[in-house]
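S.K.: The structure that follows is given in the form of structure tokens.
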Amino acid sequence: MYEAVLCIPSDNVYATPTQTNACRIMLWCAGHCDLVYVSGDDTDPAIHALDEAVGLQAIERTSREAVALTRTCPVEHDGSYVDAYLRAHSCFLMPPLQYLDGKRRFRFIAADSQVLKELYNDLIADGVSVEVESKREITPKPTSGPVFVPQTSLPSLTSRQRETMALAVEMGYYELPRQTSTEAIGTQMGVTRRTVETHLRRAEKKLIEATTTLAPGYFELPVSVTES
């Protein structure tokens, strides 16, 4: 099996705030209302835009995060045409719906690489502007321990990402309050602050996406992930 992420430009009510503000929107649709999670530096403008567009009946928030329950569910969830392509190729769309940089991210599981190729070719042939953000092969992994554990499906980090994250933990970067800086970590490693931040963000992105956006039951299959 293969896991892939496709990005499609969008101008719907959830994508637009992420195009003009530094934030990400994820949502779980119930048909009559949505549960929305907004994160990033510019959550206030995004929340205001969503309140005007769909109405918010409840909201809990911090300085960089917000969870809201909408009053309505937009029928025009963009990407419905892409959903049709996924159904035609028997791909499983993984919740939640995600919007970033004015694009909708379709994260899904396909039977094999040929299915991904056919899906992509069909979209391009029909004039859809699509970007392949990532694709990963999922293969069975022997295990001597319990099969129902999340560790068996966590993504693989590069050696540099593991080293950077391990040193960040050791130096107290993830403590509250923070005990060190990315500049100090970089000095220890002999690299720049920007390099450290790049390694950490890429590693964090892999781990967060693997543990927060997987479909129910995904952890039940022992897997190893090889990026391509």
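The values are calculated or read from the model by the stated rules, or taken from the named source; none is laboratory data. Please read these numbers as outputs of a predicted model, since none were measured by experiment. Here the Cβ is made from the backbone with ideal geometry for all residues, glycine too, and neighbour counts use every protein chain on show. All accessible areas refer to the heavy atoms of the entire protein, side chains included, with ligands and DNA or RNA removed. Shrake-Rupley method; radii C 1.70, N 1.55, O 1.52, S 1.80 Å.
S.K.: Only one residue in ALA110, ALA15 is surrounded by 14 or more Cβ atoms within 10 Å (Cβ to Cβ), closer than 22 Å to ILE208 by Cβ and in contact (Cβ under 8 Å) with a residue 40 or more places away in the chain, so which one is that?
M.R.: ALA15
S.K.: Can you tell me which residue within the range 152-170, out of those that are more than 16 Å from GLU197 (Cα to Cα) and among the small types (Gly, Ala, Ser), is modelled with the highest pLDDT?
M.R.: The extreme case among them is SER156.
S.K.: Let me ask something additional. For a quick check of your reading of the model, give me the residue pairs whose first member lies in the range 20-32 and is over 11 Å from GLU65 (Cα atoms), whose second is open to solvent by 50 Å² or more (accessible area, probe 1.4 Å) and of a type in the set (Phe, Trp, Tyr), with beta-carbon atoms closer than 9 Å and at least 6 apart or on different chains.
M.R.: So the pair list comes out as MET26/TYR37; LEU27/TYR37; TRP28/TYR37.
S.K.: Report, by residue number, each residue of the range 187-203 that is closer than 14 Å to THR158 by Cα and touching a residue at least 24 places away in the same chain (Cβ under 8 Å).
M.R.: Answer for the range 187-203, where residues must be closer than 14 Å to THR158 by Cα and touching a residue at least 24 places away in the same chain (Cβ under 8 Å): VAL196, HIS199, LEU200, ARG202, ALA203.
S.K.: Out of curiosity, is SER90 outside any strand (DSSP E or B), open to solvent by 50 Å² or more (accessible area, probe 1.4 Å), farther than 21 Å from PHE108 by Cβ and not β-branched (Val, Ile, Thr)?
M.R.: no
S.K.: From GLU60, GLU65, which residue is open to solvent by 50 Å² or more (accessible area, probe 1.4 Å) and more than 17 Å from the chain's Cα centre (by Cα)?
M.R.: Among GLU60, GLU65, only GLU60 is open to solvent by 50 Å² or more (accessible area, probe 1.4 Å) and more than 17 Å from the chain's Cα centre (by Cα).
S.K.: Of the residues PRO74, PRO45, which single one is assigned to a loop (DSSP other than H, G, I, E, B), out of contact with any Gly (no Cβ under 8 Å at 6 or more places or on another chain), surrounded by 13 or more Cβ atoms within 10 Å (Cβ to Cβ) and not β-branched (Val, Ile, Thr)?
M.R.: PRO74
S.K.: Mind telling me which of the residues ARG202, ARG193 ends up being modelled with pLDDT of 75 or more, closer than 22 Å to ARG24 by Cα and open to solvent by 60 Å² or more (accessible area, probe 1.4 Å)?
M.R.: Going through ARG202, ARG193 in turn, just one is modelled with pLDDT of 75 or more, closer than 22 Å to ARG24 by Cα and open to solvent by 60 Å² or more (accessible area, probe 1.4 Å): ARG202.
S.K.: May I ask you to list the residues in the range 115-131 that are open to solvent by 70 Å² or more (accessible area, probe 1.4 Å) and either under 20 Å from MET94 (Cβ atoms) or in contact with a helix residue (DSSP H, G or I) (Cβ under 6 Å, 6 or more places away or on another chain) (or both)?
M.R.: LYS117, GLU118, TYR120, GLU131 - these are the residues of the range 115-131 that are open to solvent by 70 Å² or more (accessible area, probe 1.4 Å) and either under 20 Å from MET94 (Cβ atoms) or in contact with a helix residue (DSSP H, G or I) (Cβ under 6 Å, 6 or more places away or on another chain) (or both).
S.K.: Taking the condition of being charged (D, E, K, R) and outside any strand (DSSP E or B), how many residues in the range 48-71 meet it?
M.R.: 4
S.K.: Here is a follow-up. Taking the range 124-151 on its own, how many of its residues are modelled with pLDDT of 80 or more and either touching a Leu at 6+ places or on another chain (Cβ under 8 Å) or among the basic types (Lys, Arg) (or both)?
M.R.: Total meeting the criteria: 6.
S.K.: Does ILE25 count as touching a Lys or Arg at 6+ places or on another chain (Cβ under 7 Å), part of a strand (DSSP E or B) and open to solvent by less than 10 Å² (accessible area, probe 1.4 Å)?
M.R.: The answer is no for ILE25.
S.K.: Please go through the range 28-39 and give me each residue that is assigned to a strand (DSSP E or B) and open to solvent by 10 Å² or more (accessible area, probe 1.4 Å), ordered by number.
M.R.: TRP28, CYS29, LEU35, TYR37, SER39 - these are the residues of the range 28-39 that are assigned to a strand (DSSP E or B) and open to solvent by 10 Å² or more (accessible area, probe 1.4 Å).
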